[in-house]
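For reference, the structure discussed in these notes is given below.
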Amino acid sequence: MTKASICTIGDEILIGQIVDTNSSAISRALEEVGVRVVRMLSIGDDHEEIISNLDKELSNSEIVICTGGLGPTKDDITKQALAELSGSTHFVENIEQARIVREILKSRGLEVLDSNKFQAMVPDTCEVIPNQNGTAPFMVFRFPENSYGHPAVLYSLPGVPHEALSAIPLIISDIKSHFSLTGIYHRNLMVYGYAESALAKKIEKWEDSLPADMHLAYLPNTLTGVKLRLSIYSGDKEEEKARIEERIAQLHEILGDAIYSDEEDDLQHALKKLLSGTGKTVSAAESCTGGEISHLITSVPGSSEYYLGSVTSYAIAVKESVLGVPGSLIEEYGVVSGEVAAAMAEGVRSLTGSTYSVSTTGLAGPDGDGKLPTGTVWIGVSGPHGTVVQMRNYHNDRLRNIQRFAASALDLLRRYIIEDQK
């Protein structure tokens, strides 16, 4: 398995001045062609740090891709560090990049300064891939096997995102021509209703039985639950797929309806798959979620086929006058209760004429009501086979509680529909 390291260079990343988006894009491209990224590293604008860290990464990986530190200003010192690392004795002008520099500056009505001309000067030890979108070229340094115990290559790209991204297809093409690559197979499952720790406990025996070359990752997300990613990093892709599918079938038996998608998906798209083409419809009555459920459902193209609308009944008066929740019910059980959640779901279903409806009433925080803890939500789902309610409690800030309330509501609605379709 060919391994790669991705390095960013520049103090601006280390101090949080800019967000590194280059590394994730490069990593995805490498994974697609069978190169396993084993490390991502950020290095400041320090000559010795750049050399020592890149030297270490070249020892660990056959491919190192670094971005940043190639501008025309004095704080951009990557090129000089790379010259020293590669044993360069002098710089040479790359004629094609020099032409591009002149054309770019001319198109902007700018004078070509000495600092701009230096952009086209590169160490004599590198190969150049011209950068058509900027003044700094893409540099390629190849190291023989006796340098690091394996053939290694270092790609140096500008840090400007649109320039770095434009280099990716060119870098991938070069990698394919110089390395014998094996396949990587990933398989994702989306699970909702388990905390990460509880899910790990639930599938512990299954996970312990996985062969040594099969790797499981847990990727939790507030809105989508836990993504389980099963991976094999070498071998024949069709064989890998068959072996993983056998294990996936076992997981379906263990987790049942908690698995809502066999793809990298979210709950609102899972809802669409259940309802599209059925003629059945959905509505929502939201209090503590303030429209978040409606937002999630309508973020899916084509949701107008099955989603009728909602009532954001934030005030008690609206719950009573629009949804028909009896005031006596609120007085007896409290506004945050299963009884009120059920009445809200039934009220909006009657109001809109939908097949199914979902409701939420809860305490997003930071203040509670003196009776129930902050983060408590009651969810109601109503449909042809009656009304069900469920209470959940989360311990997050207000925004995250709202997101988790909405996701939990979609999940309960999803499970109700599945049972109704059996």
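Couple of notes before you dig in:
- With the cut-off at under 17 Å, measuring from each backbone N in the range 134-175 to a point 7 Å along the Cα-to-Cβ line of Ile18 picks out 134-139, 156-168.
- Dipole of the range 267-421 [Lys/Arg +1, Asp/Glu -1 at C-beta], most positive-end residue of Cys288, Trp378, Thr298: Thr298
- The range 3-178 - share of DSSP beta bridges that are antiparallel (%, nearest 5): 40 percent
- Rounded to the nearest 20, the size of the Cβ-charge dipole of the chain about its Cα centre is 920 debye, with Lys and Arg at +1 and Asp and Glu at -1.
- Shape call, the range 355-422: gyration tensor on alpha carbons, a/c limit 1.5: prolate
- Listed values for the range 28-38 are Karplus-derived 3J(HN,Hα) couplings in whole Hz (6.51 cos²θ - 1.76 cosθ + 1.60, θ = phi - 60°), namely 4, 5, 5, 4, 5, 9, x, 9, 8, 7, 9, and x replaces Gly and Pro.
- Net lengthening on full extension, His162/Lys205 (0.36 nm per residue, minus Cα-Cα): 10.9 nm
- For the range 290-306, the Karplus equation 6.51 cos²θ - 1.76 cosθ + 1.60, evaluated at θ = phi - 60°, returns couplings of x, x, 5, 4, 4, 4, 5, 4, 7, 6, 8, x, x, 5, 5, 5, 10 Hz by residue, with Gly and Pro reported as x.
- Assigned charges on the beta-carbon of Lys, Arg, Asp, Glu; the range 332-404 dipole about Cα centre (debye): 260 debye
- Amide H partners (placed H, <5 Å) of Val311, local residues excluded: Ala284, Ala285, Glu286
- Extending 7 Å from Cα along the Cβ direction at Arg229 and again at His295 yields two label points whose distance is 2.6 nm.
- FRET E, pair Gln80, Glu32, Förster distance 35 Å, beta-carbon r, rounded to 0.05: 0.60
- Options Gln17, Ser310, Tyr218, ranked by Cα towards positive dipole end of the chain, top entry (Cβ charges): Ser310
- Rg and Dmax [Cα atoms of the range 267-421; Å; Rg one decimal, Dmax integer]: 14.3, 46
- Highest-first arrangement of 270-277, 46-53, 411-418, where packing means the average Cβ count within 10 Å: 411-418, 270-277, 46-53
- Listed values for the range 136-147 are Karplus-derived 3J(HN,Hα) couplings in whole Hz (6.51 cos²θ - 1.76 cosθ + 1.60, θ = phi - 60°), namely 8, x, 7, 10, 10, 10, 10, 10, x, 4, 6, 7, and x replaces Gly and Pro.
- Here's how it looks for Met214: its modeled amide H is under 5 Å from none belonging to a residue 5 or more places away or on a different chain.
- Computed extension length for Arg102-Thr222: 38.3 nm, one decimal, from 0.36 nm per residue of separation with the Cα-Cα distance subtracted.
- Between the range 27-68 and the range 182-235, the C-alpha centres lie 26 angstrom from each other.
- Which label in (i) 33; (ii) 44; (iii) 52 gives the computed percent of Cα pairs over 33 Å apart: (iii)
- Residue order, fewest to most surrounding Cβ atoms within 10 angstrom, among Trp378, Trp206: Trp206, Trp378
- Calculated log₁₀ intensity ratio I(q)/I(0) where the Debye formula runs over C-alpha points of the range 3-178, q = 0.09, 0.17 Å⁻¹: -0.28, -1.07
- A simple charge model with +1 on the Cβ of Lys and Arg, -1 on the Cβ of Asp and Glu and nothing else charged puts the dipole of the range 1-77 at about 400 debye relative to its Cα centre.
- For Tyr260, residues with placed amide H under 5 Å, excluding near neighbours: Met190, Val191, Tyr192
- Calculated [θ] (222 nm, deg cm²/dmol) that DSSP helices of n ≥ 4 give over the chain, each run adding -39,500 (n - 2.57): -12500 deg cm²/dmol
Here, each number is a calculation from the coordinates, and none is a lab measurement. Since the model is a prediction, treat every value here as computed from it, not as a measurement. Virtual Cβ from ideal backbone geometry, glycine too; neighbours counted across all protein chains shown.
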